[in-house]
Each structure stands twice: as C-alpha cells, then as structure tokens.
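In what follows, a single structure is set out as structure tokens and then discussed.
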Amino acid sequence: MSDAEELFTVRTYFWIGNYQGAINEANGMTKLKPAVVSEKDEWVYRCYIGLGQFSLVIGEISDSSSTPIGKRALRLLAAYYDNYEPKESVFSKLQEWLSDAAFSQSRTLKTVAATIYLNEDNHKEAFKLLKDPQHLEHHAMLVELYLKMFRADLVEKQLKVMKGIDEDAVLTMLATAQVNLAPNSTKIQDAIYIYEELIDKYGGTLFLLNGIAVAKMQMGLFEEAEAALQDSLTKNTSDADTLANLIVVSQHLDRPQEVINRYLSQLRAKAPWHDLVQSLDNFNQSFDRVAASLG
C-alpha cells in the first residue's frame, strides 16, 4: 500500500475504529487508478476483519498464487483470528512469504505479520519487521511493541519520531494517547483530551469510547467510565472489550452480581479467548485445585 491521498478518509476511519464508515466511504469511490483500487480493496478487507467478519474475508479472497500477496496476507490474518487455520500453518506461511524476495517488501504482508507476532507476544519477530519503519503505521506499531517490552526510553524516542513526521496525524494522536495510558503515567488526563478531541471530530466509536473509559478508570472516575462504556454498548451489544471493561467498572461500583454475571456470560459467548475470561478461568482452576488439596 502507498497511502494514496484519495483514501485518506478511509484510512482515518479505520484507525479510529469506524470500520463500517470506512467501508461505506470506499464503496462510494469511483474512477480510481488501478493501484489505488487495489489499495482500497485491502483497506476494505482490513475493515471487515476489524468487524470480526472473518469468514467473509476468507471466502472472498483466494489463496492461490495468482492472488496479490497483500490480499493473501489479509486472508491469513482472518484465518488466524478465526482459528480457521492452525497456528503452525499460519507461522509457516508467514515465514515462507517473508523469505521470498518477491513478497518481502509488501507493506500489507509486513503489517499482517507484525500484527500476528505482536498478538503472540513474539517481540523478536515483530521487531525484525518493524525496526526500519517506512510508514507511520509501522512507527505506531513499534510504539506498541516497545510498550509491551516496558522500554519507556524507546517508546518516547519513537513517539518523538512520529511527531516529527506528522504531529497532527490520527495515528500519532492515538499513539500518544496509548503512551499516556502506560503504567505509572502522569499524563492520563492528556490521553482523555486526545480521545475527546477525536470523538468531537469523528464521533464516538467503540475504540475511542473504550479508550476514554480506560483512561477514566485509571483516574478512578468509574461512573464516568461506565457512562462511556454504556454509550459503547448501544453501538454494539456484544463488543468484547466493552463487555470486559464493564465487568471491571461494575465491580468497582459494586453493581449487582447478576449484572456482572450477565456481562461475563456475554463475554464468554462472544470471545472465550479474551484475556479477562482466560484470567478468570485460570484463577478458578487454581482455586479448585487448592480447595481439592485441602480435602
């Protein structure tokens, strides 16, 4: 992908989590050059992945050698999220493609591979792909990687680079908010200002509302966080992050246990792989083992 100017709004909507808005914008575009059409199609498929419509992406993109590598990579990303393909197969394909000189410079392939490695906490492989970023998106992913590695020094250095490239870019603003929400940060209020600015400009998406809710929670403003999450819930009643954050907020606000249990049941049904579900399951299993050992 080349960051075609015609797709500025599509990209912006994608970054803030307005996936359907980005799809609608893209579908209304005509008379584009073939290279821009190809890039537009990739953004549309990324949006469908963001919406969790993995089967649509898998069904529409052929895995044949005649399919452009960017689209094949996006099909693989959908298959990874959907558990449609074993992880070993996903990693094998990534390594095969990345070692092929004809494919290795594909921006979309690098983005997909880095996304998967970041999700797997494979910092070494993610860094290999992102260490020489050529695009603002990869700079932002490098910030995320350094945050995962607890390298505050590298985080600040990379964020400074992003601001030097384009301080007002949505990606730079979101990366700044992410850094401001890091543990022990003294700039949580600044993160709230960023999310509020983006919401005022583009509307409240699930991503932005959850971002502001997390910031409010870190400040101990649980009722305000709950309000943002309730707003998010009206947009999507089964969004995993919204449900997980509502569980945490509800516990802090001493909401009725049946309400918390209902959110948890919804989260289990929608995203049994979610970190909160896994943590609760591990805790319960550990408790059961201890109880059993005590007779």
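The values are calculated or read from the model by the stated rules, or taken from the named source; none is laboratory data. Keep in mind it's a predicted model, so treat the numbers as computed, not measured. Here Cβ is always computed from backbone atoms with ideal geometry, including for glycine, and neighbour counts include all displayed protein chains. Surface accessibility is based on the protein's heavy atoms, side chains included, excluding ligands, DNA and RNA. Shrake-Rupley method; radii C 1.70, N 1.55, O 1.52, S 1.80 Å.
State whether one or more residues within the stretch 270-284 are at pLDDT 95 or above and over 30 Å from residue 169 (Cβ atoms).
Taking the stretch 270-284 first, the residues at pLDDT 95 or above are none.
No: zero hits.
Of all residues being of a type in the set (Gly, Ala, Ser) and more than 20 Å from the chain's Cα centre (by Cα) in the stretch 241-268, which is farthest from residue 225 (Cα to Cα)? Just the residue, please. So, considering only residues that are of a type in the set (Gly, Ala, Ser) and more than 20 Å from the chain's Cα centre (by Cα), the one farthest from residue 225 (Cα to Cα) is 265. Going by the conditions given, is residue 60 under 27 Å from residue 96 (Cα atoms), among the acidic types (Asp, Glu) and without any contact (Cβ under 8 Å) to a residue 24 or more places away in the chain? It is true that residue 60 is under 27 Å from residue 96 (Cα atoms), among the acidic types (Asp, Glu) and without any contact (Cβ under 8 Å) to a residue 24 or more places away in the chain.
Scanning the stretch 217-224 turns up no residue that is in contact with a helix residue (DSSP H, G or I) (Cβ under 8 Å, 6 or more places away or on another chain), farther than 16 Å from residue 17 by Cβ, of a type in the set (Gly, Ala, Ser) and at pLDDT 90 or above. Screening the stretch 56-126 for helices (runs of 4 or more DSSP H) wholly inside it with 1 or more residues that are open to solvent by 40 Å² or more (accessible area, probe 1.4 Å), under 18 Å from residue 142 (Cβ atoms) and among the basic types (Lys, Arg) returns the ranges 107-119. Of all the residues in the stretch 225-254, those that are in contact with a helix residue (DSSP H, G or I) (Cβ under 6 Å, 6 or more places away or on another chain) and of a type in the set (Val, Ile, Thr) number 3. Looking at this structure, is residue 173 touching a His at 6+ places or on another chain (Cβ under 9 Å), of a type outside the set (S, T, N, Q) and on the phi < 0 side of the Ramachandran plot? So residue 173 does not fit the description; no. Residues in the stretch 177-208 that are of a type outside the set (A, V, I, L, M), open to solvent by less than 20 Å² (accessible area, probe 1.4 Å) and assigned to a helix (DSSP H, G or I): 180, 195. Under 6 Å between Cβ atoms, at least 6 apart or on separate chains: pull out the pairs that start in the stretch 205-234 with a residue that is within 16 Å of residue 185 (Cβ to Cβ) and end on any residue that is part of a helix (DSSP H, G or I) and of a type in the set (Phe, Trp, Tyr). Close Cβ pairs (under 6 Å, with a partner that is part of a helix (DSSP H, G or I) and of a type in the set (Phe, Trp, Tyr)) amount to 211/195; 212/195. Regarding the stretch 246-254, can at least one residue be identified that is under 24 Å from residue 204 (Cα atoms), charged (D, E, K, R) and open to solvent by 70 Å² or more (accessible area, probe 1.4 Å)? Checked against the condition, which is being under 24 Å from residue 204 (Cα atoms), charged (D, E, K, R) and open to solvent by 70 Å² or more (accessible area, probe 1.4 Å), the stretch 246-254 yields no hits at all.
Of all residues being part of a helix (DSSP H, G or I) and hydrophobic (A, V, I, L, M, F, W, C) in the stretch 41-55, which is surrounded by the fewest Cβ atoms within 10 Å (Cβ to Cβ)? Just the residue, please.
The selected residue is 54.
Filter the stretch 1-21 down to the residues that are open to solvent by less than 30 Å² (accessible area, probe 1.4 Å) and farther than 21 Å from residue 106 by Cβ and list them by number. Within the stretch 1-21, 12, 16, 17, 21 meet the criteria. When residue 38 is tested against (1) over 30 Å from residue 5 (Cα atoms); (2) polar (S, T, N, Q); (3) in a helix (DSSP H, G or I), exactly one condition is not met: (1).
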